[in-house]
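Sharing a structure with you now.
Readers should treat all values here as calculations from the given coordinates under stated rules, not as data from a laboratory. In this text, all values refer to a predicted model and were calculated from it rather than measured experimentally. Note: ideal-geometry Cβ built from the backbone for every residue, glycine included; neighbour counts use all protein chains shown.
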Amino acid sequence: MRAMPLLALLTLPVAAEELSGTQLAKLKDATVYVKHVGFRGLETGSGYLFRKDGKTGWVLTCEHVVRDTETATVVLKSGREGELKVEALVVFVDKERDVACLRFKADEIPSPVELALKTEVKETESVYVAGFPFGPSLSTAGDNPAPSVTKVSVSAVRRDDAGECVVVQLSGDVNPGNSGGPVIDGRGRLVGIATSRISGTEMVFLVPPEGLRAILKGRVLKVGAKSVAASGVKPRLEITAPVFDPLGKLQSWGVSWIRRDALREAPAAGADGKWKPAAASMKDAALVLDESKGVAAGAVDVNRAASEPVAIPVVFQAWWVGADGTKVWAEPVEVEARVVEGR
């Protein structure tokens, strides 16, 4: 039997993928500097521009970067030519995952790094962390620093029982101020955003694309209602409902309502934790969405006889239909509609 040449039995090492100049420039453009003045003075961190829709931009950062504030300054192209400071609204936070979503308006918005569908990195693979370590202390011109890009490696991809990635663990020199910054692989694909590290080590943790997409699923946030002046004996409620849809996937949404005394039983979630409509006879509130604020508003007049109490309990329940066509019902909210006399 003829012996095979030794070279045929060897597996040549694959060269580590390096970022191209185009990928590096895109990563820097999608890395934003986030700051606000909090209880402890200037608070700073990094952010990831994941979508732009016309003149609206969407950014992910860490919840602890924007804790205790409703607005923050987002600096596009920080520390570089074309720098632009804009005010952003904190529209959603997930304290458990330490992630916050911000929305802002600007005439010129850089190209985002696309939010990947799933985690595709493996252990020992090189990845690139972008952000603003140590905040303003690294600024060389003006108040805002230019982004730093650090090459580190993947040390673990941790998955749940269903096989879905829940956290990516890195090994490398990632410092305070990088929180919320994007991490990409050598092909420019998003690996996640940096959220935490273990003090005294080089162990860094990311929220992967799967977790970010779960956070960004479209929904109607908590419904608000207050009684306002109206003529006659009917109480009138002004309704507000923030519509959170950063990925633009909602097919439809709304808020339904009913007097509580018309319910046969108290609303309750099913064994699976999902809510059903409080009653089939609920009415839909007529709402108009203010796209600049992402808030829908309207009013409902509650039926009331002159002999009834001036305060009528009302149940509101938001709903929405996502990209998969499934209608989701939120937890009902009960408010009191009161007769308010006009001035």
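When Arg187, Arg97 are ordered from fewest to most other Cβ atoms inside 10 Å of their Cβ, what list results?
Final ranking by Cβ density, sparse to dense: Arg187, Arg97.
Using the Cα centre of the chain as the reference point, and only Cβ charges (+1 on K/R, -1 on D/E), how large is the resulting charge dipole? Debye, rounded to the nearest 20.
So the dipole magnitude of the chain works out to roughly 480 debye.
Take every Cα pair under 8 Å in segment 126-215 that's 6+ residues apart, average their separations, divide by the length, and report that relative contact order as a whole percent.
28
Let me ask something else. 5 Å is the cut-off here: which amide hydrogens, built 1.01 Å from N in the peptide plane, fall below it relative to Gly192, excluding neighbours closer than 5 in sequence?
Under 5 Å from the amide H of Gly192 lie the amide H atoms of Val183, each far enough along the sequence or on another chain.
Of Pro313, Pro208, Pro133, which has the largest mean-square fluctuation in a 10 Å C-alpha GNM of the chain?
Pro313
Also: Using the count of nearby Cβ atoms within 10 Å as a rough guide to exposure, how do Glu70, Glu120 rank from fewest to most?
So the ranking, lowest neighbour count to highest, is Glu70, Glu120.
Determine the relative contact order of the chain: mean sequence separation of Cα pairs under 8 Å and six or more apart, normalised by residue count, in whole percent.
Relative contact order of the chain: 13 percent.
Let me ask something else. Summarise the long-distance tail of P(r) for segment 219-338 by giving the % of C-alpha pairs beyond 23 Å.
Here the long-distance tail beyond 23 Å is 32 percent of all Cα pairs in segment 219-338.
Also, quick follow-up: Over segment 154-199, what is the relative contact order in percent, taking alpha-carbon pairs closer than 8 angstrom and at least six residues apart?
25
Would you calculate, for the chain, the mean residue ellipticity at 222 nm contributed by helices, counting each DSSP H stretch of 4 or more residues as -39,500 (n - 2.57) and dividing by all residues, to the nearest 500? Don't skip to the end; give the middle numbers.
On the way: 2 runs with 16 residues, N = 343.
Result for the chain: -1500 deg cm²/dmol, rounded to the nearest 500.
Over 27 Å between Cα atoms: which of Lys26/Lys222; Lys35/Lys122; Lys85/Lys226; Lys151/Lys249; Lys95/Lys222 fall into that group?
Details: Lys26/Lys222 36 Å; Lys35/Lys122 33 Å; Lys85/Lys226 35 Å; Lys151/Lys249 34 Å; Lys95/Lys222 16 Å.
Flagged as over cut-off: Lys26/Lys222; Lys35/Lys122; Lys85/Lys226; Lys151/Lys249.
If you don't mind, there's one more thing I want to ask. Taking amide H positions as placed in the peptide plane 1.01 Å from N, state which residues far from Ala299 in sequence (5 or more) or on other chains have amide H under 5 Å from it.
HN-HN under 5 Å from Ala299: Ile239, Ala286.
Another one. If the elastic network links every pair of Cα atoms under 10 Å, which of Pro332, Pro267, Pro182 fluctuates the most in the Gaussian network model of the chain?
Pro267
Note down the net charge around Ala214, summing +1 for each Lys or Arg and -1 for each Asp or Glu among other residues with Cβ under 10 Å from its Cβ.
Residues close to Ala214 contribute a combined charge of 0.
Another question about this same structure. Please build a GNM for the chain, connecting alpha carbons under 10 Å apart, and tell me which residue among Ala286, Ala305, Ala225 fluctuates the most.
Largest GNM mean-square fluctuation: Ala305.
Turning to a different aspect of this structure: Based on the Cβ-Cβ distance of Ser139 and Ala162, what FRET efficiency does E = 1/(1 + (r/R0)^6) give at R0 = 45 Å, to the nearest 0.05?
0.55
For each of Ile215, Ile312, Ile184, count neighbouring Cβ atoms within 10 Å of the residue's Cβ, then give the residues from fewest to most.
Working: Ile215 18, Ile312 21, Ile184 25.
The most exposed by this proxy come first: Ile215, Ile312, Ile184.
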